[in-house]
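The values are calculated or read from the model by the stated rules, or taken from the named source; none is laboratory data. Since the structure is predicted, the reported quantities are computational estimates derived from the model, not experimental observations. Cβ placement follows ideal geometry from the backbone for every residue including glycine, while neighbour counts extend to all protein chains displayed. Heads up: the accessible areas ignore ligands, DNA and RNA and are worked out on the full protein's heavy atoms, side chains in. Shrake-Rupley method; radii C 1.70, N 1.55, O 1.52, S 1.80 Å.
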Amino acid sequence: MHHWRRDVVELAALFTAVAVADGVANLVGHGPGGPALLVISALALAATAGFHTWWARRHGHAPPAGDTGARPAAEARSGGPSGQPGDGADGADDVGEPGALWRMRTTVKDQPGSLAALCTALAERRVDILSLQTHPLGDGTVDEFLLRGPGALEAAEITRAVSRAGGESTWIERADAHDLVDAPTRVLGLAARTALDAAELPLALRQLLGRCTIRQLPGTPVGGGRGPEPVPVEGVLEDTVMRLPAPEGGVLTVERPYLPFTPTEFARARALVDLDNRLGPRIPRGQDVLTLPEGNDITVRRVDTGDLAAARAMHERCSPRTLGMRYHGPVGDADRYLNHLLSPRFGRTLAAQTTSGRIVGLGHLLWDGDETEVALLIEDDWQQRGIGGELLDRLVAMAVEAGCESVYAVTQASNTGMVAAMRGLGLPLDYQIEEGTLVITARLDPAQAAGSGAPYDTGLRHLGASARRD
């Protein structure tokens, strides 16, 4: 029906145009002033075309500068009205600099126009929105932005502008190039990392949720006693805290005091934990064969709870003094300690073993909330050969790769071997001594991660003249 009406209108317009053309032709051909009318019409058309050309060249096709907050083109090229670069507040950005990247989150009312007002406030300050995610809530929406703004624009000014536009509970921090990856791609990448290595779960959650504290409490504590209260299968979300059933029992707690979790974030974290739980314990396979100065070969590889028997046998060969240096006291139940230490749920463990498969050294990288602990245990007969330093180098490389800012070792002031190994890292160290216990903290350099591969095949310092990777 709609197409029929349109055809009738078009046909009527065609007949009208034909009638008008016929009338004009009769007037020009048979009227007394026909030639004069043609000349006047030609002059009027020429004058109209000339005026249009002049107007287009004078004003261009861009909106006036006052409508957008932009400066005139001549001032933008010179940097300001005076012709000096940097006269404007964002002059650095006008000469080609990319500006500053920001991650911002704010809550707006769930009503038409609220997001438009927010975008307008950002545009008035020449802030470009690179990406936007929305997290629906019951009475509003949490909008998460990736922004690029002028280099001179402060976070406080952006926050004030957002507040005037209706944004509440605004949080903002500097971003980097890694944040330019869109959310689905980032989540898929984190899922792939988690699928390859069970020790990646806390790191993946931290990258997914931002700055947060992650603690995994086993169902049965190592030292005995009562474990944490169990949580439902679907988990529990309480404002800034989420609790999820931990793989292999226990509770996984994620806390972010400065920013409440949204239901969308809770669903993503729950899906990542469920993936890890379904895949079970796993570690990447690989090894690095090193040659000691005396000619013996030592293999460095990742180990987990499947190597519990070999690790327990090494404990039995270690002297009480060596075990006391490592555990700061007698070890009453080595199996329970080792089962926790070797589990990829709590960190990563490297082992040094002989060609016969006997483990002679263990190095642990343990996730401890916001911090990361390193620990070493070398069998008595294999000490003072550089094995501890080699394991520690690789543990630090893993910590850098995981984005850790520092690692710490808890030992005794008399443990000269551990102190020497930490000093051998060549990193800034902080020493704290309390009642005979020495805590050494090393601040990590992110540049160390450049070009590094897997922790067991990195090109770090080797013990002898040759090394081969299998």
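Dipole of the stretch 244-312 (Lys/Arg Cβ +1, Asp/Glu Cβ -1, origin at the Cα centre): which of L252, A269, G280 lies farthest to the positive side?
Comparing the listed Cα positions along the dipole, A269 ranks first.
Where does each of D139, D307 land when they are ordered by accessible area, with a 1.4 Å probe and the largest first? Walk me through the intermediate numbers first.
Values: D139 135, D307 25 Å².
Sorted by accessible area, descending: D139, D307.
Which is farthest toward the positive dipole end of the stretch 286-368 among T354, G306, V289, measuring Cα position about the Cα centre, with Cβ charges +1 (Lys, Arg) and -1 (Asp, Glu)?
Of T354, G306, V289, it is G306.
Binning at 5 angstrom from zero up to the longest distance, how are the C-alpha pair distances of the stretch 262-402 distributed in percent?
Bin by bin from 0 Å, the calculated values are 2, 9, 17, 21, 20, 13, 8, 4, 3, 2, 1, 0.
Tell me the per residue accessible area of the stretch 127-175 using a 1.4 Å probe; a whole number in Å² is fine.
Per residue, the stretch 127-175 has an accessible area of 49 Å².
Around R243, under 11 Å between beta carbons, what's the net of Lys plus Arg minus Asp minus Glu among the other residues?
Neighbour charge sum, excluding R243 itself: -2.
Between T185 and T291, what's the calculated FRET efficiency when r is the beta-carbon distance and R0 is 30 Å? Round to 0.05.
Given R0 = 30 Å and the Cβ-Cβ separation, E is 0.10.
Computing the accessible area with a 1.4 Å probe over protein heavy atoms, can you report the carbon and sulfur percentage for the stretch 117-267?
54 percent
Taking only the Cα atoms of the stretch 142-182, how large is their convex hull per residue, in Å³?
Each residue corresponds to 82 Å³ of Cα convex hull volume.
How are the Cα pair distances of the stretch 204-324 distributed, in percent, across 5 Å bins from 0?
2, 9, 14, 15, 15, 13, 10, 9, 8, 4, 2, 1
Could you report the stretch 282-390's accessible area per residue, 1.4 Å probe, as an integer in Å²?
Each residue of the stretch 282-390 exposes 40 Å² on average to a 1.4 Å probe.
At R0 = 45 Å, how high is the FRET efficiency between A413 and L132 if r is their beta carbon distance? Nearest 0.05 is fine.
After rounding, the FRET efficiency stands at 0.25.
Starting from the amide H of L130, placed 1.01 Å from N in the peptide plane, find each other amide H under 5 Å away whose residue is 5 or more places distant or on another chain.
Counting only residues 5 or more places away or on other chains, the set is L146, L147, R148.
Assuming 0.36 nm per residue, please report the length gained on full extension of the stretch D380 to D274 beyond their Cα-Cα distance.
Additional length available on full extension: 34.0 nm.
Efficiency by 1/(1 + (r/R0)^6): what FRET value for L196 and E173, r their Cβ-Cβ distance, R0 = 22 Å, to the nearest 0.05?
My answer for the efficiency is 0.15.
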